[in-house]
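Peer 1: For reference, the structure I am asking about is given below.
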Amino acid sequence: PDFTGEKFLSYIAALKDLSPIITKKRIKEVLQLVNLYEERNKKLKNYSGGMLRRIGIAQALLNEPDLLILDEPSAGLDPKERIKLKKILTSYGENHTVLISTHIVSDIEDIAKSVIILKDGQIVDCGSKQELGKNIHVWEGYITKDKKDIIAENFLVSNIFDMGDCFKVRMLSQKKPGNSFEESPPNLEDIYLYHFKEISHHD
């Protein structure tokens, strides 16, 4: 806790057996990458939760590992930093293997080339987003407010938006729910819901 961000990274670099010359260069690079260079002389005990998450990512990148494994890396980050993290991981993933464990599917929606879905410790599906969603039918449409509870009871609803005088509904169903609905490509949230929620017998 009494280490500054810079001293902490120097310590980790020593554990990773990086040479002093490489260490100085890499520390500056990773601190700038995670937007903590200006905070490098602040003690870790004074870092916020998001800053601690970012310094953790920085130390993981220090020795440029061929395989980078991250467990829910966006936890504690604000929306701006989440976007920045996605860019970092996308760039790093061009020449390295990045493995992310997360239940926040929006974190990997646009960056994952391959997704593995685990349920009760077992692989239930894997592949690209397109491959995972090929047998899943998603519909979007509008309903009057008095139909909200009926829809929720009879269909697997992945999202619902209050439009003021009506609701815009996104749902999973093998059949078209009604004339006002149009099919939409499934996203990872839909795919996650498909595997982790029981589909109604009406579906």
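Peer 1: Could you tell me how many degrees, from 0 to 90 and to the nearest 10, lie between the Cα long axis of helix 5-15 and the main elongation axis, the longest principal axis, of the Cα atoms of the chain?
Peer 2: With rounding to tens, the tilt is 80 degrees.
Peer 1: Can you give me the distance in nm between label points at LYS87 and ASN41, each placed 7 Å from the Cα along the Cα-to-Cβ direction?
Peer 2: Each label point is offset 7 Å from its Cα along the Cβ direction, giving 2.7 nm.
Peer 1: Where does the chain land at 222 nm, in deg cm²/dmol rounded to the nearest 500, when only DSSP H runs of n ≥ 4 count, each adding -39500 (n - 2.57), divided by all residues? Mind dumping the intermediate values first?
Peer 2: Working: 7 runs with 72 residues, N = 203.
Dividing the helical sum by the residues of the chain leaves -10500 deg cm²/dmol.
Peer 1: Ignoring ligands, DNA and RNA, what percent of the accessible area of the stretch 67-140 is carbon or sulfur (1.4 Å)? Kindly include the intermediate steps, with their values, before the conclusion.
Peer 2: Values: 2430 of 4640 Å².
Using a 1.4 Å probe with all protein chains present, the stretch 67-140 comes out at 52 percent carbon and sulfur.
Peer 1: Compute the projected area of the convex hull of the Cα atoms of the chain, averaged over all viewing directions, and report it in nm² to one decimal place. Don't skip to the answer; put the middle values down first.
Peer 2: Numbers: hull surface 58.6 nm².
Reported value for the Cα convex hull: 14.7 nm².
Peer 1: Based only on the alpha carbon positions, what is the Kirkwood hydrodynamic radius of the stretch 150-200, in angstrom?
Peer 2: Working: mean 1/r = 0.0851 Å⁻¹.
Final number for the Kirkwood radius of the stretch 150-200 is 11.7 Å.
Peer 1: Shifting gears a bit: Once the Cα gyration tensor of the stretch 1-74 is diagonalised, what are the square roots of 5 times its eigenvalues, in whole Å and ordered largest first, as equivalent ellipsoid semi-axes? Write out the running numbers ahead of the final one.
Peer 2: Working: eigenvalues 62, 48, 22 Å².
Working through the eigenvalues yields semi-axes of 18, 15, 10 Å.
Peer 1: What FRET efficiency do you get for THR97 and ILE160 if R0 is 45 Å and r is their Cβ-Cβ distance, rounded to the nearest 0.05?
Peer 2: Working: r = 38 Å, r/R0 = 0.83.
My answer for the efficiency is 0.75.
Peer 1: Using the heavy atoms of the protein chains and a 1.4 angstrom probe, tell me the accessible area per residue for the chain in square angstrom. Working shown, then result.
Peer 2: Working: 12600 Å² over 203 residues.
Value for the chain: 62 Å² per residue.
Peer 1: For the full complex of protein chains and a 1.4 angstrom probe, list CYS166, CYS126 by accessible area with the highest value first. Numbers along the way, then the final one.
Peer 2: On the way: CYS166 30, CYS126 80 Å².
From most exposed to least exposed: CYS126, CYS166.
Peer 1: Working out 0.36 nm times the residue gap between LYS147 and ASP125, then minus their Cα-Cα distance, what length gain in nm do you get to one decimal? If you can, show how the numbers build up before the last one.
Peer 2: Numbers: separation 22, 0.36 × 22 = 7.92 nm, distance 3.35 nm.
Going from the current span to full extension adds 4.6 nm.
The values are calculated or read from the model by the stated rules, or taken from the named source; none is laboratory data. Since the model is a prediction, treat every value here as computed from it, not as a measurement. With ideal geometry, Cβ positions are generated from the backbone for all residues, glycine too; neighbour counts draw on all protein chains shown. The accessibility values were calculated without ligands, DNA or RNA, using every heavy atom of the protein model including side chains. Shrake-Rupley method; radii C 1.70, N 1.55, O 1.52, S 1.80 Å.
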